[in-house]
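Only one structure is covered here, and it is reproduced in the block below.
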Amino acid sequence: MFHQYLSRKEQIIISAIEIMDEKGINGLTMKEIAVRLNVTEPAIYRYYKNKKDVIMTILQRFAAFDENLFDTVLQGDMNALESIRYVIRSYTTYYESYPELITILFSFDAYRYEKETMDMMLAIIEQRETFLCREIEKGIEEGVFDKSNITNKNARLLMGHVWSAMYYWKMRGCQTYLKEEVMNGVNFILEGMKVKQEKA
């Protein structure tokens, strides 16, 4: 496959993601990565100390993707509605293109037994929630969202919808259009958050 055109470190990460998608966290071993890449196991240890090191690198990729998205919003001239839709649409496009990554998000056993990986995953989730909270508050200031909105609850409502849609999409074999399904729900939630127009 295209693995041959990547650096060895990149090949290891791609193989690890594929293994976790196919076999789960327990199926991910340094030996299995070596078999996939047709190299010796010690060759893998030249780049990563252990399985946790590989998982941390994958999570760092998630964090870097988020930072790039948030920077784009901060540097742009989008209103709250546009920025929320842009970020969620970008997430779903990314995961729709690389559905194996959804397995990583829901591999809770990969995180809860290791404090470092748990802290990293929680930081990613909290960063996403903080972004949504900030944009919802911005929408209230812009007069688009109703002041009665409870910022963190609506942020979690949006995140919960995205996560549940991705989960069901993956479980159903990725046979529908994830972005369309997610954005329909997001737009429904955002409409409910808007300032209600008084009837004449």
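Taken together, the values in this text are just the output of simple stated rules run on the coordinates, not laboratory data. Note that the structure is predicted; figures quoted are calculated from it, not measured. In this analysis, Cβ positions are derived from the backbone assuming ideal geometry, glycine residues included, and neighbour counts consider all displayed protein chains.
May I ask which of Lys115/Lys138; Lys23/Lys179; Lys23/Lys115; Lys115/Lys147 have a Cα-Cα span longer than 32 Å here? Check vs 32 Å cut-off fails for Lys115/Lys138; Lys115/Lys147. Between the helical axis of 51-75 and the longest alpha-carbon principal axis of the chain there is an angle of about 30 degrees.
Close amide H pairs (under 5 Å, H built 1.01 Å from N) link Lys194 with Asp146, residues at least 5 positions away or on another chain.
In a reduced charge model with +1 at each Lys and Arg Cβ and -1 at each Asp and Glu Cβ, the stretch 52-193 shows a dipole moment near 380 debye about its Cα centre. Divide the volume of the convex hull around the Cα atoms of the chain by the residue count and you get 135 Å³ per residue. Summing +1 for each Lys or Arg and -1 for each Asp or Glu among the other residues whose beta-carbon sits under 12 angstrom from that of Glu82 gives 0. The label point for Lys115 and the one for Val144, both projected 7 Å from the Cα toward the Cβ, are 4.1 nm apart. Net charge of the neighbourhood of Asp66, taken over other residues with C-beta under 13 Å away and scored Lys/Arg +1, Asp/Glu -1, is -2. Classification of the stretch 98-200 by its C-alpha gyration tensor yields an oblate form. The axis ratio a/c (a ≥ b ≥ c) is 1.5 or more, and b/c is at least a/b. Taking the longest Cα principal axis of the chain as reference, the axis of helix 8-23 is set at about 80 degrees. Relative to the longest principal axis of the Cα atoms of the chain, the long axis of helix 115-141 makes an angle of roughly 20 degrees.
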